[in-house]
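Beneath this line is the structure, given in structure tokens, with notes to follow.
The values are calculated or read from the model by the stated rules, or taken from the named source; none is laboratory data. Just so it is clear, the model here is predicted, and its values are computed rather than measured. Cβ coordinates were reconstructed from backbone atoms using ideal geometry, including for glycine residues, and neighbour counts include every protein chain displayed.
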Amino acid sequence: MIKTALYDTHVALGAKMVPFAGYEMPVQYAGINVEHETVRNGVGVFDVSHMGEFLLTGPKAIDLLQKVSSNDASVLTIGKAQYSCMPNGKGGVVDDLIIYKIKEEQYLLVVNASNIEKDWNWISSHNDMGVEMSNLSSEYSLLAIQGPKAAEAMQSLTSVDLSAIPYYSFEVADFAGIEHVIISATGYTGSGGFEIYCKNAEVKQVWDRVFEAGKEFGIQPIGLAARDTLRLEMGFCLYGNDIDDTTSPLEAGLGWITKFSKDFIDKQFLEAQKADGVTKKLIAFEMIDKGIPRHDYIIKTKEGKTIGKVTSGTMSPSLKLGIGLGYIDLPYNALETEICIEVRDKLLKAKVVKPPFYKK
């Protein structure tokens, strides 16, 4: 297992470490519910250094990006980021990712840890344009400082006005005594905050300064378990659960990042699917009966007909009820439709709702 540069720090803090995507990662410290509430109401820090980073450079970098990604990367200006996905040529998704425009003819791609090699090979296989590609994944660390108090807590660490960085924008600036750090107003929690990209050799200094600055704001380290409950309350997709090589962006409700104004892999397939209509859709649901939905639980009608499968599920720490995402056959995807989740041979009632589950 690969260890992040902060592995010893997590162990010293008493984190429960688990294997995740080939890395030893902290799954929890004080407990999922406490950590979840810390991010929703204050500020918490995740070490997500297992994520992958690729740098694409050259005059044709934008052409390669336009070909492999579903969103329109040509609208990006320097300092802006964009959520996108890479169609796999068979109607599925290679991965979802964030694209940053660092400077003219240079883009940073941030991909999922479990897909680093797969994504690199996929993009490389389409790079017949002479784009210079660098895999920086093993050189860089990533901290997600999330929560409504993040900007105020971190302001003393940088000369940039953190509250003035718009959502999905970033600055390359000084932070925690390091000169060139990417400070990105992105995250996976729905509670605001920043993601900090720095070199492995710098991350311990950044971590220590972050906790020093955040002390009066009750800052806490947060594990991957709370990261999952936080993203699920927002209805954010997790690759490998809610999207994968067998799910199309349109089925997953990612039509908003699928732009037909340009040419890209699977464009014709997806245009036809849009015209014909999909037969299944990713939906959000809340439990009516008491119970916790889990990945791969079967979704049925109250008469017992199988109509889908749960892709993500948990007990929502904010709402104190079971919530989940899952693919369901049409027309059972209509809002407020009553469905059943099969939990240990019992059919428990649930209803289709509009995400996010957690409303600020």
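Taking only pairs six or more apart or across chains, which ones have beta-carbon atoms under 7 Å, a first residue in segment 212-229 that is hydroxyl-bearing (Ser, Thr, Tyr), and a second residue that is crowded, with 23+ Cβ neighbours inside 10 Å and assigned to a helix (DSSP H, G or I)? What qualifies is Thr229/His36. Within segment 131-147, the set of residues being out of contact with any helix residue (DSSP H, G or I) (no Cβ under 7 Å at 6 or more places or on another chain) and in a loop (DSSP other than H, G, I, E, B) comprises Leu136, Ser138.
Out of Tyr29, Tyr7, one residue alone is at pLDDT 95 or above, of a type in the set (Phe, Trp, Tyr) and out of contact with any helix residue (DSSP H, G or I) (no Cβ under 8 Å at 6 or more places or on another chain). It is Tyr7. Residues that are in contact (Cβ under 8 Å) with a residue 12 or more places away in the chain, of a type in the set (Phe, Trp, Tyr) and either in the same structural domain as Asp96 (by TED's automatic domain parsing) or surrounded by fewer than 19 Cβ atoms within 10 Å (Cβ to Cβ) (or both) are absent from segment 314-336.
Looking across segment 295-316, the residues that are over 11 Å from Phe357 (Cβ atoms) and under 19 Å from the mean Cα position of the chain (by Cα) come down to His295, Val310, Thr311, Ser312, Gly313.
Yes/no per residue for (1) over 18 Å from the mean Cα position of the chain (by Cα); (2) among the basic types (Lys, Arg); (3) closer than 19 Å to Asp96 by Cα:
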position	(1), (2), (3)
Glu132	yes, no, no
Leu142	no, no, yes
Met154	yes, no, no
Ile165	yes, no, no
Asp174	yes, no, no
Gly177	yes, no, no
Ile182	no, no, no
Gly187	no, no, yes
Ser191	no, no, no
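Checking the stated criteria, Ala252 turns out not to satisfy the condition of being under 30 Å from Ile62 (Cβ atoms), without any contact (Cβ under 8 Å) to a residue 12 or more places away in the chain and either among the β-branched types (Val, Ile, Thr) or assigned by TED's automatic domain parsing to the domain that holds Tyr327 (or both). When each of Val48, Val110, Val34, Val68 is tested for being in contact with a helix residue (DSSP H, G or I) (Cβ under 6 Å, 6 or more places away or on another chain), of a type outside the set (Lys, Arg) and at pLDDT 95 or above, the lone residue that passes is Val68.
Only residues that are buried (at least 18 other Cβ atoms within 10 Å of the Cβ) and within 23 Å of Ser125 (Cα to Cα) were counted across segment 73-82, and they come to 2. Pairing each residue of segment 185-209 that is part of a strand (DSSP E or B) with any residue that is polar (S, T, N, Q), provided the two are 6+ apart or on different chains, yields C-beta distances under 6 Å for Gly193/Gln146; Glu195/Ser184; Glu195/Thr186; Cys198/Ser141.
Count of segment 161-181 residues, restricted to those that are surrounded by fewer than 18 Cβ atoms within 10 Å (Cβ to Cβ) and part of a loop (DSSP other than H, G, I, E, B), is 5. Screening the candidates Asn127, Asn112 for the property of being assigned by TED's automatic domain parsing to the domain that holds Thr57 and over 23 Å from the mean Cα position of the chain (by Cα) yields one hit, Asn127.
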